[in-house]
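Novice: I am attaching a structure below and will ask some questions about it afterwards.
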Amino acid sequence: MKERLNRPGAARRRGLHGGVIPPKARPVDPLPISVPTEVETARLHLRRPLPTMADALAEARIESFASLHPWFHAEMGTEAEEADPGWQAARLAAEVTAFNQREDLTYYIFNADRLIGMISLRPLWRRGQIKLTYWIRASAQRQGYGLEAVGAMAVLAFDALSARLVTTGHAEPNLGSARLAHALGFEKVARQPLACELPDGTLVAGIGYARENRDGLKGHVVTWR
């Protein structure tokens, strides 16, 4: 059974006298919602988490430890843990549970059979909001994979999950994420001082971006099942 949500175009309807009617929270049971388990783009295959990915995930994470640590240190393990397939298997098991409960939708990004990154969709179903978080392994960066994957999942959020608002964000010094957000047409909506902590304890601003529709993403050819 597929849960049909209000389409994003209904988020801002005009009243009889021209005033904007604020959207309301939607009472939603997320469990029956049909969520794609596989997504394909021109070069990429995105798959829901599976225990069999543990070896490939450990390889990608330890290769990328130095580049990921500045931005994801609060949720990362030690170098030894990140390199351990057993430790990654426990992470994948938690992600499987979160996916099945529709609490956090994690997809691993593959180019051919090589795991090159991850993108997470964290939904606030009642509000129709979905937050995107992602990483690309070190040896696959600067090849347009992040642009392709994040653009694809923004399309999926609006078209398959009936999002009203898709957001993303980063610590202010993370210029690569800033370039990607701008390239995908996300609007900068917030700068929150002291929102992010770097590994050495330095506090920096957090930058927030949002899109209210998929306009401008027509070049992202995406299929899912």
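Novice: Let me cross-check residue 20: its accessible surface, 1.4 Å probe, with only protein heavy atoms counted, in Å² to the nearest 10?
Specialist: 90 Å²
Novice: What is the Å³ per residue value for the convex hull set by the Cα atoms of the range 97-225? Don't skip to the end; give the middle numbers.
Specialist: Numbers: hull volume 17.3 nm³, N = 129.
Considering the Cα atoms of the range 97-225, their hull volume per residue is 134 Å³.
Novice: Taking only protein heavy atoms and a 1.4 Å probe, what accessible area per residue, in Å², does the chain have with all protein chains in place? Walk me through the intermediate numbers first.
Specialist: Working: 11820 Å² over 225 residues.
Computed with neighbouring chains in place, this is 53 Å² per residue.
Novice: Could I ask something else about it? Using only the alpha-carbon atoms of the range 71-162 as identical scatterers, what base-10 log of I(q)/I(0) does the Debye formula give at q = 0.17, 0.22 Å⁻¹?
Specialist: The computed values of log10 I(q)/I(0) come out as -0.85, -1.30.
Novice: Could you tell me the relative contact order of the range 56-162? Use alpha-carbon pairs under 8 Å, at least six residues apart, and round to a whole percent.
Specialist: Answer for the range 56-162 is 20 percent.
Novice: If you don't mind, another one. Give me the percent of the accessible area of the range 146-225 that comes from carbon and sulfur atoms, probe 1.4 Å, all protein chains in place. Please report the intermediate quantities before stating the final value.
Specialist: Details: 2040 of 3800 Å².
Ligands and nucleic acids excluded, carbon and sulfur reach 54 percent.
Novice: Can you work out ³J(HN,Hα) from phi for every residue in the range 55-68, in order, using Karplus 6.51 cos²θ - 1.76 cosθ + 1.60 and θ = phi - 60°, giving whole Hz and x for Gly and Pro?
Specialist: For the range 55-68, the Karplus curve yields 5, 5, 5, 4, 4, 5, 6, 6, 4, 9, 3, 5, 7, 8 Hz.
Novice: Run the 1.4 Å probe and let me know the accessible area of residue 71, rounded to the nearest 10 Å².
Specialist: That residue has around 90 Å² of solvent-accessible surface.
Novice: Determine the shape class of the range 25-84: with a ≥ b ≥ c the square roots of the Cα gyration tensor eigenvalues, call it rounded for a/c under 1.5, and otherwise prolate if a/b is greater than b/c, oblate otherwise. Write down the numbers at each step before the final one.
Specialist: Working: a/c = 2.29, a/b = 1.66, b/c = 1.38.
Here the range 25-84 falls in the prolate category.
Novice: Rounded to the nearest 500 deg cm²/dmol, what is the calculated helix-only ellipticity per residue at 222 nm for the chain, with -39500 (n - 2.57) per DSSP H run of length n ≥ 4? Each step should come with its number before you reach the end.
Specialist: Working: 6 runs with 62 residues, N = 225.
So the calculated ellipticity at 222 nm is -8000 deg cm²/dmol.
Novice: Further question: Near the amide H of residue 164, under 5 Å away, which other amide H atoms are found, from residues 5 or more places off or on another chain, if H is placed in the peptide plane?
Specialist: 129
Novice: Could you derive backbone 3J(HN,Hα) for the range 162-173 from the dihedral phi with the Karplus parameters 6.51, -1.76 and 1.60 (θ = phi - 60°), listing whole Hz in sequence and x where the residue is Gly or Pro?
Specialist: Coupling constants for the range 162-173: 6, 5, 9, 8, 10, 10, 8, x, 6, 5, 3, x Hz.
Novice: Next question, about the same structure. Which whole-number percent gives the relative contact order of the chain, counting Cα pairs below 8 Å spaced six or more residues apart?
Specialist: On the way: 392 pairs, mean separation 48.1, N = 225.
For the chain, the relative contact order is 21 percent.
Novice: Could I ask something else about it? Sum up the lysine pairs in the chain that clear both bars: alpha-carbon distance under 23 Å and a spacing of 8 or more or different chains. Intermediate values should be presented prior to the final figure.
Specialist: Values: 2/24; 2/131; 24/131; 131/188; 131/218; 188/218.
Close lysine pairs under the 23 Å cut-off: 6.
Novice: What's the whole-number percent of alpha carbon pairs in the chain lying beyond 26 angstrom?
Specialist: On the way: 9747 of 25200 pairs.
Of all Cα-Cα distances in the chain, 39 percent exceed 26 Å.
Novice: Pop out the carbon and sulfur fraction of the accessible area of the range 66-111 as a percent, whole number, probe 1.4 Å. Don't skip to the answer; put the middle values down first.
Specialist: Details: 1130 of 2120 Å².
Carbon plus sulfur share of accessible area: 54 percent.
The values are calculated or read from the model by the stated rules, or taken from the named source; none is laboratory data. Everything quoted here is computed from the prediction, not taken from an experiment. Heads up: the accessible areas ignore ligands, DNA and RNA and are worked out on the full protein's heavy atoms, side chains in. Shrake-Rupley method; radii C 1.70, N 1.55, O 1.52, S 1.80 Å.
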